[in-house]
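Engineer: One structure follows; several queries about it will come next.
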Amino acid sequence: MIWRFKTGGQRREMPQEFGAWSTGSNCFRRWRDAGVFEALLEGLIAQAAKRGEVDLSLVSIDSTTARAHHDAAGMHMGRGRAHCPGEGRYCGGEGQVKGSGPEEQSGPDAGEAGPGREERRRVRRRRKLRLKAALLGRSRGGQTSKVHLAADCKCRPLALILAAGQAAGSPQFTPVLGKIRVRGPVGRPRTRPDVIAVAGDNAYSSRGNRAYLRGRGIKAAIPEKRDQAANRKKKGNRGGRPVSHHAELYKERNTVERLINKLKAWRGIATRYDKTPASYLAGHHLRASMIWIKDLTRSCPLITPRYAP
């Protein structure tokens, strides 16, 4: 599994010393569905917290885009009923859309619609539904996926979320912080930094995000956008107070940028080759776990990893 995501190679090209490629593929799917990779990451973070090596004095958040290879397209949708995005109807497993037949259409152009036009509409709806389910989005670089992540002060991952490539980063700010779970030896898992700040670029500058941080007693090291500042000044007294910005804390946001470079050192992470978003996210959890293992073995040289990250 490490070889597959580290090299980006196909499973059928796996070296023979690793065994049959089908065995590794089936084992990966079982572990992915059982949540083994995510549990491994949470367990390593808990182990580091038990040793007092988790630094939550500042949490940095950012996102990165990964180009999807053409092998990532064509995810199997199954034969169940699925809702078509942007439509008030349902697509069946055969791709048929209720309410799209010639006898159910109304309007002046109802009689002019031929079977070819309906077929093109059905294909477009099916393609949009498949891309939405696979978390693949359209951008200037083609089909992409975006990973939103949070890092601590030592360039180690705390939480990961996968979204479509064209999705904005600001709506994922709260879900990423909500996924931070640092289990200690006793009590409930910790879900907030040590009363200092959360750092992010101006893409996360919104009233909702700042209100969320204020409600949890966390300072925001997030600069204000120029257009937001101009609109606030334009409104005068009705625009509210100027946004406070901790410039010194914001300088430490480079930790999440360096973490992204570490994640993308594996070719299977820098480029998405997996059809399902669950498999691609499991690869991120595996890579994040290897980063924690490498850091923990440095502080405790008695533990020697079997596979080098």
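Engineer: On full extension of the chain, what length is gained from ASP55 through LYS233, given 0.36 nm per residue of separation minus the C-alpha to C-alpha distance?
Structural biologist: So the extension gain works out to 60.3 nm.
Engineer: Carbon and sulfur: what percent of the stretch 214-274's accessible surface (1.4 Å probe)?
Structural biologist: 46
Engineer: Would you please give the FRET efficiency between ARG126 and ARG241, computed as 1/(1 + (r/R0)^6) with r the Cβ-Cβ distance and R0 = 51 Å, to the nearest 0.05?
Structural biologist: 0.55
Engineer: In addition: Full extension from ARG207 to ARG138: what is 0.36 nm times the residue separation minus their Cα-Cα distance, to one decimal in nm?
Structural biologist: Contour length minus Cα-Cα distance gives 22.1 nm.
Engineer: Please work out how much length the chain gains when fully extended from ARG258 to GLU119, using 0.36 nm per residue of separation minus the C-alpha to C-alpha distance, in nm with one decimal.
Structural biologist: Here the answer is 45.3 nm.
Engineer: Run the quick spin-label model on TRP21 and ARG267: label points 7 Å from Cα toward the beta carbon, then report their separation in nm to one decimal.
Structural biologist: Each label point lies 7 Å from its Cα, and together they span 1.4 nm.
The values are calculated or read from the model by the stated rules, or taken from the named source; none is laboratory data. Worth saying up front: this structure is predicted, and the values here are computed from it rather than measured. So basically every Cβ, Gly included, is an ideal-geometry build from the backbone, and we count neighbours across all protein chains shown. For accessibility, only protein heavy atoms count, side chains too; no ligands or nucleic acids. Shrake-Rupley method; radii C 1.70, N 1.55, O 1.52, S 1.80 Å.
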